[in-house]
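The values are calculated or read from the model by the stated rules, or taken from the named source; none is laboratory data. It should be emphasised that the depicted structure is a prediction, and the values quoted were computed from it without experimental measurement. Because the Cβ atoms are built from the backbone with ideal geometry, glycine has one as well, and the counts that use them run over all protein chains shown. Surface areas here come from the heavy atoms of the whole protein model, side chains and all, with no ligands, DNA or RNA. Shrake-Rupley method; radii C 1.70, N 1.55, O 1.52, S 1.80 Å.
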Amino acid sequence: MLGSLKQYTSKKKQQFKMLSLVTTSAALMCMSASSQAGIISSSFGNALHIDLQILELSPLAIDLGNASGTAPSGYDVTNSLIGQDLTLPTQDPRINGTVDIFSGSASSTLENSTLGDFTTIGSSTIEDLSFTLLQNFLPTQGLSLPALDFINISNTTLSSTSKVDASSSSDGYVFSTAGSSVVESININILGNDITASVMDGSPIMNNVTLFDALGLGVFLNEATTSCAESFCTEERSALRISFDSFSVQNYVTEILQQDFLGDDVLISGNIILASSQATTQVSEPSAALLLALGLGLIGRRRLFNKK
């Protein structure tokens, strides 16, 4: 009886030592990983994004001058189109025009999730754009309204930069954003109606300028959204966004152009976005994994003692 009790006690001690070793190892692994892991940095820059559905036509889905990257290892990526006839890179006859520069870039100075200051940037630039989408889209409407292109856009410079700075401290990270946009000499014509900003000299402009927002059509300049917390920060910008929400061509012609509409209506949904960018940084809570490991260890020990 005494021998069996000693054997039982020895077995429990071995189990306890094994559990202690596993718990300690897990805690040390989590401490090592959590001190440097869980830092994520990502960004993108996109010169031209088109995502449109026009009635029964095949969808328009195009991205030009786009670059993206994701850390924990630093990156620096650029994608540019220079001196292009837009019909060539899009391979879509519905798009016509020329551009001197379409460029997107993405970069991060984060290196292997190590503790230290770093910066994440996404940016895009458009220079000297002359762009037509769906030439002669609307047939001649009687004698008073000639055939109309769906959209014409021209500009000297459009650019946006989204930037997130991460400064390390004894308590973790402090985040800040420092993005900006430039809109210079832009002209927008939708179905014969000019929608143009009055003062666009290339100087910084205020965020979220609405040029038009009615009848399912929205035209917005320098859209900017920022969201930062203790462990997360993101900034997203676009120099120009034209949105269509079940946009009715018939309503637009009758309400804005003050003309009778002949033929069947056309509904359009989607977005055209010029010079967009985003930068995001996320840092996981360093102590979370460690607390989980220690908690599991304590539960295991308690169960062992209860069985004993």
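Does I272 satisfy the criteria of being surrounded by 20 or more Cβ atoms within 10 Å (Cβ to Cβ) and modelled with pLDDT of 85 or more? So I272 fits the description; yes. Remark: F232 matches the filter, which requires a residue to be aromatic (F, W, Y), open to solvent by 40 Å² or more (accessible area, probe 1.4 Å) and at pLDDT below 95. Among the residues of the range 113-126, is there at least one that is among the charged types (D, E, K, R), modelled with pLDDT under 95 and part of a strand (DSSP E or B)? Among the residues of the range 113-126, not one is among the charged types (D, E, K, R), modelled with pLDDT under 95 and part of a strand (DSSP E or B), which makes the answer no. In the set (1) more than 30 Å from V266 (Cα to Cα); (2) open to solvent by less than 50 Å² (accessible area, probe 1.4 Å); (3) modelled with pLDDT under 90, I54 fails one condition alone, (1). On inspection, N136 qualifies as open to solvent by 50 Å² or more (accessible area, probe 1.4 Å) and at pLDDT below 90. For beta carbons closer than 6 Å, sequence separation of 6+ or different chains, a first residue in the range 219-237 that is within 18 Å of V182 (Cα to Cα) and a second that is of a type in the set (F, W, Y) and surrounded by fewer than 20 Cβ atoms within 10 Å (Cβ to Cβ), the qualifying pairs are V219/F212.
For S73, the criteria (1) touching a Gly at 6+ places or on another chain (Cβ under 9 Å); (2) more than 18 Å from N96 (Cβ to Cβ); (3) open to solvent by less than 70 Å² (accessible area, probe 1.4 Å); (4) of a type outside the set (A, V, I, L, M, F, W, C) hold in every case but one, which is (1). The set of residues in the range 238-258 being touching a residue at least 40 places away in the same chain (Cβ under 8 Å) and crowded, with 16+ Cβ neighbours inside 10 Å consists of S238, A239, L240, I242, F244, V249, Y252, V253, I256, L257.
When the range 76-88 is filtered for residues that are more than 18 Å from I273 (Cα to Cα), modelled with pLDDT of 90 or more and surrounded by 15 or more Cβ atoms within 10 Å (Cβ to Cβ), only V77 remains.
Against the test of being closer than 28 Å to F247 by Cβ, at pLDDT below 75 and either out of contact with any Gly (no Cβ under 9 Å at 6 or more places or on another chain) or open to solvent by less than 30 Å² (accessible area, probe 1.4 Å) (or both), the options Q91, Q7, Q14, Q36 yield a single qualifying residue, Q91.
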